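The values are calculated or read from the model by the stated rules, or taken from the named source; none is laboratory data. In this text the structure is predicted, and so the values were computed from the model without any measurement. So basically every Cβ, Gly included, is an ideal-geometry build from the backbone, and we count neighbours across all protein chains shown.
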Amino acid sequence: MKVHTHTFIIHTPRAPEFIDITGEIESAVKKTGVKNGTVTVYVKHTTAAIRINEKESGFIQDFKDYLNKTFPPHQYYRHNDMKIRTENIDCDDDRCDKNGHAHCQHMLLGTSETIPIVDGKLTLGRWQRVFLVELCSPRKREVVFQVIGE
C-alpha cells in the first residue's frame, strides 16, 4: 500500500466562489501511479470547503444565493464582535476576522471529500466535479490531496 501526499496552493478571487480543482486532483493521482485506492481532498481552513457537485452555472448561483440567504455576510455574529470574543484572535484592530458568516456556512459544507480510484482514474459521475468553495474573501488556500492505494 502506497501513501502519497500533495499540497496545492490556490489564490481565491472572491466569496462565495466555486473553484473547480478536479484537474489538479487528477494530475496528482496520475503522478502517484496508484491504480486502485482512494484520494482524500482536504482544505486546511475553516472558512473554505471541499464539495463534489455539478459544474452548472444555474446550480452554482442558486447555492451562492442559498449560502448568503442562510448566513448573510452583514448579519450580527458573535464571532465578529471583538467586545466579547476572546479566543483565536490573530490581529490587532477591530476589523479583524469579520467572517462569522463564512464559519457558519462552512459548517453546512465540510472540509473534505474522499473519492475512489479505479484503474488510475477518479470514479466521479458524468457531471461531477470537485470544488474548493471559498466562503470568506480573496485568500491563499492550502488544499491537501492524500492518495492511498496500489
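General observations
- Checking each residue in region 116-148 for being exposed (fewer than 15 other Cβ atoms within 10 Å of the Cβ), under 15 Å from the mean Cα position of the chain (by Cα) and among the acidic types (Asp, Glu) picks out only GLU142.
- Test: residue in region 84-100 that is in a helix (DSSP H, G or I) and either in contact (Cβ under 8 Å) with a residue 12 or more places away in the chain or aliphatic (A, V, I, L, M) (or both): yes
- For region 30-77, the set of residues classified as of a type in the set (Ser, Thr, Tyr) and outside any loop (DSSP other than H, G, I, E, B) consists of THR32, THR38, THR40, TYR42, SER57, TYR66, THR70, listed by residue number.
Table: residues versus (1) closer than 21 Å to LEU132 by Cα; (2) within 15 Å of the chain's Cα centre (by Cα); (3) hydrophobic (A, V, I, L, M, F, W, C).
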{"site": "THR22", "(1), (2), (3)": "yes, yes, no"}
{"site": "ILE25", "(1), (2), (3)": "yes, yes, yes"}
{"site": "HIS45", "(1), (2), (3)": "yes, yes, no"}
{"site": "PHE63", "(1), (2), (3)": "yes, yes, yes"}
{"site": "LEU67", "(1), (2), (3)": "yes, yes, yes"}
{"site": "ASN80", "(1), (2), (3)": "no, no, no"}
{"site": "ASN99", "(1), (2), (3)": "yes, no, no"}
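- When the test is whether a residue is free of Cβ contacts under 8 Å to residues at least 40 places away in the same chain and surrounded by 16 or more Cβ atoms within 10 Å (Cβ to Cβ), HIS45 does not pass it.
- Pair list, Cβ under 9 Å, 6 or more apart: region 4-27 residue assigned to a loop (DSSP other than H, G, I, E, B), other residue of a type in the set (Ser, Thr, Tyr) and surrounded by fewer than 17 Cβ atoms within 10 Å (Cβ to Cβ): THR12/SER137; ARG14/SER137; ALA15/SER137
- Condition met for ARG126 (at pLDDT 95 or above and part of a loop (DSSP other than H, G, I, E, B)): yes
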